[in-house]
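The values are calculated or read from the model by the stated rules, or taken from the named source; none is laboratory data. Treat the numbers as computed from the prediction; the structure is a model and nothing was measured. FYI the Cβ positions are ideal-geometry reconstructions off the backbone, even for glycines, and counts take in every protein chain you see.
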Amino acid sequence: MPGAGILEVRDLRVEYATSRGQVAAVDGVDLEVGAGEFVAVVGESGCGKSTLLFAVARLLSPPAAITGGSVTFHGQNLVTMTERQLNVLRWRDYSVVMQSAMNALNPVMTIAAQFKDAIDAHSALSRHQAGQRSVEAMKLVGIDPVHLKSYPHQLSGGMRQRAMIAMALLFTPDLVIMDEPTSALDVVAQRSLMVQIKELQQRLGFAVVFVTHDMSLVSHFSDQLLVMYAGKMVEAGPTRTVFDTPSHPYSRGLLDAFPSIRGPRVTLTGIPGSPPDLTQPPSGCRFHPRCPLAVDQCRTREPELYQVGAVQSRCLRHAPDRAPRPQVAEEARP
Amino acid sequence: MTDRTSPPAGSTPLSGPDRTVPAGPDLVPLVQARGLTKHFKVGGTFARRKLHAVDDADFVIHRKEIVALVGESGSGKSTVARLLARVYRPTSGEIRYQGRPLASMRTRRQSLAYRSDVPMVFQDPFSSLNPAYRVSHGIMRGLKLHRTELSRSQRRAEAERVVEAVGLTPAVEVLDRYPYELSGGQRQRIGFAQALAYKPTLILADEPVSMLDVSIRIGLLNVMAALREQEGVSFLYITHDIASARYVSDRLMVMYAGHVVESGPTEAVLANPKHPYTQLLLSAVPDPRAPLAVSAETGKSEPPRVIDPTPGCRFRWRCPLAIDECARVTPLPRELGPAHTAACHVATADVSSDVTEG
């Protein structure tokens, strides 16, 4: 399906069963990924971004469960599929790169053995073909294939993460789902891994859904950006537009949270407070207790997603009935 | 020490006998390290191989100063912190604290006094607090051990004061919570509060924010800046994120493979990075406000060889500017600008600076 959307998530809802009742970690999220597109999902810890990604990959285990919505991949609804049906798609059509390669790779098996496991589970290649495929995958990510004989502890952090990506690319899938693959790396390794992911993506044409808490990381790599807060999407749109003119105060806060190495040294405040307890989400806009622009209405009225140019924003300032827009940018709450 | 042979021509070696500390109590730096070296044995019992974690590091930390120590994983920056905390003994070289060599502090009383002056804050706030005790436990224990002059009620008041100083209110309630009730950022603030309770002069902060969300990090950096202003504490801030180092630090030291390769006033180093490794670090910082910098190096970030290294610059395999000399002679720090040094054969001095070359 060239050019068309390969993944469509509609109104997805994931709930965790806790002792204090059902908690919605993902609450009505929509997401569309076109062929060869790079979509980034950003937000703080606990905003539901990893849960979203696990739900899309159908990897959730109790107490979490999908309680509503659909995940359509190549025209098939993954939510209603059985494990047996999913097994045909997994790895061949979509694959997942986990956060910490340290924990995701088996420490007592060589890389080659782990690759072979994946190949055997999802195809009927001969031993020789499997070996060849593994060598090709390692070459793709720029690791000398001799390291197939290595154990994970013999590789550096960057190489382990690359091996994880090589493993995800064994069958050249159409979609690769990545959960903070660079978060355990230092800046130099992080940057070179990002550049490599982008190159591979352009060469092989797969789509990427990339989850991270560091918004600055994806600024030059992603096409679409989805900002999540407390289980809801608060802003979504083309990456450049969101970076240049963030329309939700939370996106603005995330953007202002990291210092720059250029320009004058300015005092930053970050985002005061911490994400809400999802068992008792705040009334009205879920961001209002931390929002510098909050007004009385934010405490009572729950905002919807409003279209602001090319982006969607869940902020009352953009509600059509709230015209003219108040100029509150300078008056921070006490 | 061992593999640094002759200094290159035209250099200004900093570790000469001429660079002695001026006399007088105020002019003695808080901490001064000279030729600090730490090697670890690797391999089995009979193996002779040595991992050079820190080699021949010279640096000072002044009072009320935030010094950032920047480098990639495995560059030896945490080893420096542990040497300063006296977790490790140096293989050679010495550390002076307020003019006194650390090696001369032998009694328990002296050790305790040093530990309370120079506490450490750890990277992982999820494993550095005991989950079985309330927040107050760690702070009160530190107070009992290090500030024996305080009475019970004074200890409680002091605990409340330090918790408020790191921005957690209401202090009384926070002290009665368990670590699991706090977020990552709040736990790390407790880490700083514990360190602050000892009335420290220098806090060794080993990657204190790298486990936290980007949105929370800046708050912790602001706490460090405030503690320096209000309590007069110095910090050694260890990080691999040069942008956050710039945000809080006065001076910057860059380490690569056990060597301090560049150091100087933060703004001077960032405006005019001399060492190719510093330049690489700077180009790797993601900056959405700037166009994508295509760094010279992608993918070949080979870890440096620090087990039984041969003489020569340890960055030469990754260095775009390497010349023959780099493989033979280990570069020594040279002064290339005002208080700005770099250990590189190729780097040149500031044109306008009054540092004489050769």
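Quick look at the values:
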quantity: Any hit, the range B:221-229, residues being outside any helix (DSSP H, G or I), in contact (Cβ under 8 Å) with a residue 40 or more places away in the chain and surrounded by 22 or more Cβ atoms within 10 Å (Cβ to Cβ); calculated: no
quantity: A:C47, sole failed condition from (1) closer than 27 Å to B:V214 by Cα; (2) assigned to a helix (DSSP H, G or I); calculated: (2)
quantity: The range B:200-233: number of residues that are under 16 Å from A:L185 (Cα atoms), within 9 Å of chain A (Cβ to nearest Cβ) and out of contact with any Ser or Thr (no Cβ under 8 Å at 6 or more places or on another chain); calculated: 1
quantity: Residue within the range A:214-221 that is away from every other protein chain (no Cβ under 12 Å) and among the aromatic types (F, W, Y) present; calculated: no
quantity: Test for B:G93: is it closer than 27 Å to B:A342 by Cα, in contact with a strand residue (DSSP E or B) (Cβ under 9 Å, 6 or more places away or on another chain) and either outside any strand (DSSP E or B) or of a type in the set (D, E, K, R) (or both); calculated: no
quantity: Flag for B:A113 being in contact with a strand residue (DSSP E or B) (Cβ under 8 Å, 6 or more places away or on another chain) and at pLDDT below 95; calculated: no
quantity: Answer from A:Q201, A:Q132 - the residue that is away from chain B (no Cβ under 14 Å), under 17 Å from A:V39 (Cβ atoms) and polar (S, T, N, Q); calculated: A:Q201
quantity: Scope the range A:147-164; condition away from chain B (no Cβ under 14 Å), among the aliphatic types (A, V, I, L, M) and either over 19 Å from A:Q202 (Cα atoms) or part of a loop (DSSP other than H, G, I, E, B) (or both); matching residues; calculated: A:L148
quantity: In the range B:177-193, residue farthest from B:F235 (Cα to Cα) [restricted to those that are polar (S, T, N, Q) and surrounded by fewer than 24 Cβ atoms within 10 Å (Cβ to Cβ)]; calculated: B:S183
quantity: Of the criteria (1) assigned to a helix (DSSP H, G or I); (2) of a type outside the set (F, W, Y); (3) within 14 Å of chain B (Cβ to nearest Cβ), which one A:M167 fails; calculated: (3)
quantity: So A:L170, is it surrounded by 16 or more Cβ atoms within 10 Å (Cβ to Cβ), over 20 Å from the mean Cα position of the chain (by Cα), at pLDDT 85 or above and of a type in the set (A, V, I, L, M, F, W, C); calculated: yes
quantity: The listed residue being surrounded by 20 or more Cβ atoms within 10 Å (Cβ to Cβ) and free of Cβ contacts under 8 Å to residues at least 60 places away in the same chain, out of A:L86, A:L105, A:L59, A:L125; calculated: A:L105
quantity: Residue, surrounded by the fewest Cβ atoms within 10 Å (Cβ to Cβ), within the range B:32-81, restricted to residues that are of a type in the set (A, V, I, L, M) and in a loop (DSSP other than H, G, I, E, B); calculated: B:A47
quantity: Residue list for the range B:122-156, restricted to those being surrounded by fewer than 16 Cβ atoms within 10 Å (Cβ to Cβ), of a type in the set (S, T, N, Q) and closer than 22 Å to B:L220 by Cβ; calculated: B:S127, B:N130
quantity: Single residue of A:S251, A:S260, A:S283 found to be at pLDDT 90 or above and of a type outside the set (K, R); calculated: A:S251
quantity: Which numbered condition B:V163 fails, given (1) more than 14 Å from chain A (Cβ to nearest Cβ); (2) not in a helix (DSSP H, G or I); calculated: (2)
quantity: Considering residues of the range A:244-268 that are among the polar types (S, T, N, Q) and closer than 23 Å to A:L225 by Cα only, the residue nearest to the other protein chains (Cβ to nearest Cβ); calculated: A:S260
